[in-house]
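Below: one structure, written as structure tokens.
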Amino acid sequence: MNNNRKLYCTPSTPKRRRLGNSKIASLTQTRGSVKHNVNTSKHIQITENCDSPPLPCNQVEYLCDSDSNSSVCSDIPCSPGVLETCNILDNIDNWKSFVDSKPSTEDSLSISIAKDVFKESFHSNIDSNNHYIDDKQKTDQYKEDVENSFNIINQSICNNDNAHFETKDSFLLDIRESGIIDNNYPTIESEPKNNQFNNFYGLPLLTKGLFKSYRNIEKFYDWQEECLNLNAIKERQNLIYALPTSGGKTLVAEVLMLREVLVRKRNSLFILPFVAIVQEKIWALSPFAIQLDFLVEEYAGGKGHLPPKKRRRKNSIYVATIEKGLALIRNLIELNRLDEIGLIVVDELHLIGEPGRGGTLETLLSTVIFAKKGIQIVGMSATIGNLPDLAGFLQAHIFQRQFRPVELTEYVKLGDMLHKIVWSSGDMELVPDRKLAFDYTEAGYRMDPDLVGGLVSEVVPQDSCLVFCPTKRNCQSVATLLCNMQRSDMLSHRVQDRIALQSALRTEGASADLVRCVRAGVAYHHAGLASDERCLLEQAFRSGVISVLCCTSTLAAGVNLPARRVILRAPLVGREFISLSSYRQMVGRAGRAGVCDAGESIVICGAREWPQLKNVLSSGLPPVTSQLRPIVASLLISAIALNLANDVRGLKEFLGCTLLAKTELSLNIEELCEENLIALLKSGALEFGGKTGQMTDMINDDLKLIVSKLGQAAIKSCLELEIARQLLEDIHQASQSLVLLGSLHLLYLVTGDTVVRPDYRHYYSLYCAFDEEASQTARVLGITERYAVRMITGKPITNIPERVLHRFYIALMLRDLWRLTPVADVADKYGVSRGLVQAALTSACAFASSAERLCGELSPLWPYKALFHDLAVRLRTCSMPELEQLMELPAVRKARAMQLYRAGFRRVEEVARASEESLSSAVQHLSLSAAQHLISAARMMLIEKVENLRADAEEVMDELKM
């Protein structure tokens, strides 16, 4: 409790007066003639917004303050704080500071009141009599008082609106004025049960207004209505639905999750492939969560409580990456709480066939199926070639349509001729469409023989264009080419907005080439850029400030960026020839309902490449195959550790539930299981549950097995067994000569799996400039001057594993970040991309958290648990302690946190209670719309913290058996 108090109180905050139970009750009363309390009917006020809110960025002034005709602010989500109850805060002295536009530092956020109430009630009801109070009436009153205090805090956060938003166009006002309902439209809490649901696909009618206001969705497509009314959905059976990209699949998933948390009062788990999409979905669902009274919790990177908080008053939608989702499921099973989840939705289900993470996703789904807790699984994808196999694995129904709300026209460019692809009964036919002729000079033809610039100029700047390139380097070269060939109308479009974007990119340390391209409305986007740069460019492309984005194929599946025209620079992904699923993902970005009225895709192909491309396009989607075989051992260990199976017969049955068993029919599952069990027994990860001394090559179905301490630690830390063993070896070596002159040696231990191949000549120059800490750490790891000389001479280094050299190089990068060196400077110093620097930092942060849990399970390593804990916390932000709390806000990086701090907003509570006008005027490059968004994010964060405290309080009540 004391640690949490620091989140809400500054050292200048005076000591609070205690509030007794009578004072808690008085908080629900108002002064003067106002007689309402928290549970009375509420007037609903909704801010109109449009399409799905995109991921926010740090500096978005150029997105909203333009005088151009393009509607930009609609791409930035408005503040979701609109539940306007009878404002009890305006009538309570203790809460006056929270709603005033100029709050005093004396009255901090009233979470402290809840703590004082809890503490005083505890002492008054228990300590004074030195035994438990048996009077049930007093006990119930105590619980009610504590609950009321949390309700007041939540209401104060939701209702802290210093400025009212315009609602004249909102759906709810329309239906009130039409006379369908009166102005006292009831909220979910007060609406009669017989009229609460079944108004909007089984949801409260309020949800319809939210979809219109925040998504600009007034009517669902026919296929969406059909899907939501399937018997499989009504009977809570598993379902896989497959449609082309941009068909509106996610909307169906959101309705199902809202039904789960609002109607069935069970939690939902939403599995998404990338951290960026997780964050985007968090922002998209937050306004719904605030107004419909549920929580949206992020499980990605270093975020998410493991195990999740046990909540009795609110349900949650967990939005998670694949890896974090598996960790969450395992924690719930261990605590016998898996039945708290009623629905799991998996986006991009075809990723189950991707090497690496595909095996993790299969493990997650197999575990849920084998646990048999009645959890409904819904999967969606656009590129699955063997749907029946996946349906058999998930025991699911299939719903498949070929619907696209915006027509897509596909072309192939062969030489100077543009050919249209015509599909007829599954067959592909190439029809000549037109010969390309642009007013190129002779020099222009030499620069751009494939006429990419001409194809782009046909749609920009009025519309947008995505150019997919095989490699990161090719992205940059194509962007430079297009920048040099743009016409005057492109150069004069949104000039002031582009200048502001250039300034924002310079602040983030972007390269001079990228900044120069932005002036022409062109940019490149790939993993080599820092996350802040990518975020700025994505927002600019959505708003029309950037007209052309040259990107790699990862953007097709990672970020929602629709365009009028999509150009595939070559039929390649990296050095590999393009697959049909990758092609579908890329061209699916062309055309999007509400953004473009049509979509076009053009793949540029040479005469030699065309036969192979034709074969790819005319063939069907490839089947999804299991990627579980390399991690079968981890699956078996987790099954035993989680008590899903504790004998060989049960393990074989578990393995039989996997996609591996369903698709590889020639594979002998029993033999595979026995082979892995023997290997695990020999390695010490598993032990016999009965008598010892049995032969490890004698496996029978009734043999009882238990997980060793090492295996248990690996499962708890969510690490593969071999990785956990390697970490223990590193810790054992470090224990003999741990260098604590600084953080470098500890950072080496958590470098994770980031791959970097340094230039050894540059490595030697860094070695010559080592300080005492780096020199001593290098010596402990075996990197001596003798081997450093071998680096510069090019002689092979045989006595030191290459892995050690590479990890130490990454550790040096992490130490510079630890010392608050800007990412751009670190990237330049070590000759790597800014994206790789940030990837290394993210990986190290996650690995440090796993290392902390591993050491916590092995008692002799308790000192390292403390070291890794502080290391993980510090790595999460790599900033000054004063900025760490502000950087917990989504999309707030070091530069924005520093701006907020200098402007006087030094805590999340101060941001939450600010008005958008005061925040926008105080912080440079922060528009009103972005300020609204930031305030809403702060409120949502505080609500979650309040609910966490509520969960802790309820846990204490349970322990006291009250």
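When the square roots of the Cα gyration tensor eigenvalues are ordered a ≥ b ≥ c, the ratio a/c for the stretch 209-293 is under 1.5, which makes its shape rounded.
When the P(r) of the stretch 482-628 is calculated, the portion above 23 Å amounts to 44% of the C-alpha pairs.
Annotation: for a label point projected 7 angstrom from Cα along Cα→Cβ of residue 264, residues of the stretch 363-378 with backbone N closer than 12 Å are 373-378.
Each label point was placed 7 Å from the Cα along the Cα-to-Cβ direction; for residue 576 and residue 702 their separation is 4.8 nm.
Counting pairs of alpha carbon atoms under 8 Å apart in space and at least six apart in sequence, what relative contact order in percent does the stretch 506-579 give? Relative contact order, the stretch 506-579: 26 percent.
Summary of packing: across the peptides 821-829, 352-360, 239-247, the per-residue average of other C-beta atoms within 10 Å ranks them, highest first, as 239-247, 352-360, 821-829. Among 784-791, 564-571, sorting by the average number of other beta carbon atoms lying within 10 angstrom of each residue, highest first, gives 564-571, 784-791.
Computed with the Debye formula from one identical point scatterer per Cα of the stretch 257-350, without solvent, the log10 of I(q)/I(0) at q = 0.10, 0.13 Å⁻¹ comes to -0.22, -0.38.
Global size of the stretch 609-659: 18.7, 55 Å for Rg and Dmax (C-alpha atoms, Rg to one decimal, Dmax whole). Using all pairs of distinct alpha-carbon atoms, the Kirkwood hydrodynamic radius of the stretch 808-962 works out to 18.0 angstrom.
On the beta carbon distance between residue 515 and residue 491, with R0 = 22 Å, the FRET formula returns roughly 0.90. Would the stretch 291-436 count as rounded, prolate or oblate if I go by the C-alpha gyration tensor, calling it rounded below 1.5 in a/c and otherwise prolate when a/b exceeds b/c, oblate otherwise? Because a/c hits 1.5 or more and a/b exceeds b/c, the stretch 291-436 counts as prolate. Between residue 629 and residue 398, the FRET efficiency estimated from the beta carbon spacing at R0 = 22 angstrom works out to 0.30. Within the stretch 886-916, what residues put their amide N at less than 20 Å from the label point 7 Å along the Cα-to-Cβ vector of residue 503? Residues 893-904 qualify, since their backbone N sits under 20 Å from the label point.
Positive end of the dipole of the stretch 762-860 (Cβ unit charges, origin at the Cα centre): among 762, 855, 827, the Cα lying farthest that way belongs to 762.
For the pair residue 222 and residue 668 in one chain, pulling the backbone fully straight at 0.36 nm per residue adds 156.1 nm over the alpha carbon distance.
For the pair residue 820 and residue 430, a Förster radius of 41 Å applied to the C-beta separation gives a FRET efficiency near 0.10, rounded to the nearest 0.05. Extension gain for the segment residue 231 to residue 799, taken as residue separation times 0.36 nm less the Cα-Cα distance, is 198.0 nm to one decimal.
Quick one: if you stick a label point 7 Å off each Cα along the C-beta vector at residue 310 and residue 720, how many nm between them? In this crude label model, residue 310 to residue 720 measures out at 3.5 nm. If the chain linking residue 757 and residue 955 were pulled fully straight, counting 0.36 nm for each residue of separation and taking away their Cα-Cα distance, it would gain 66.3 nm. Taking the three principal axes of the alpha carbon atoms in the stretch 471-516, the coordinate ranges are 31, 28, 12 Å, sorted in descending order. Under the simplified labelling scheme, the residue 438-residue 416 pair shows an inter-label distance of 1.4 nm, with each label point 7 Å from Cα along Cα→Cβ. Packing, taken as the mean count of other beta carbons within 10 Å per residue, orders the peptides 417-425, 337-345, 460-468 from highest to lowest as 460-468, 337-345, 417-425.
The numbers here are math on the coordinates, done by the rules we state, and not lab data. All values reported here derive from a predicted model rather than from experimental measurement. Ideal geometry is used to build each Cβ from the backbone, glycine not excepted, and the neighbour counts take in all protein chains shown.
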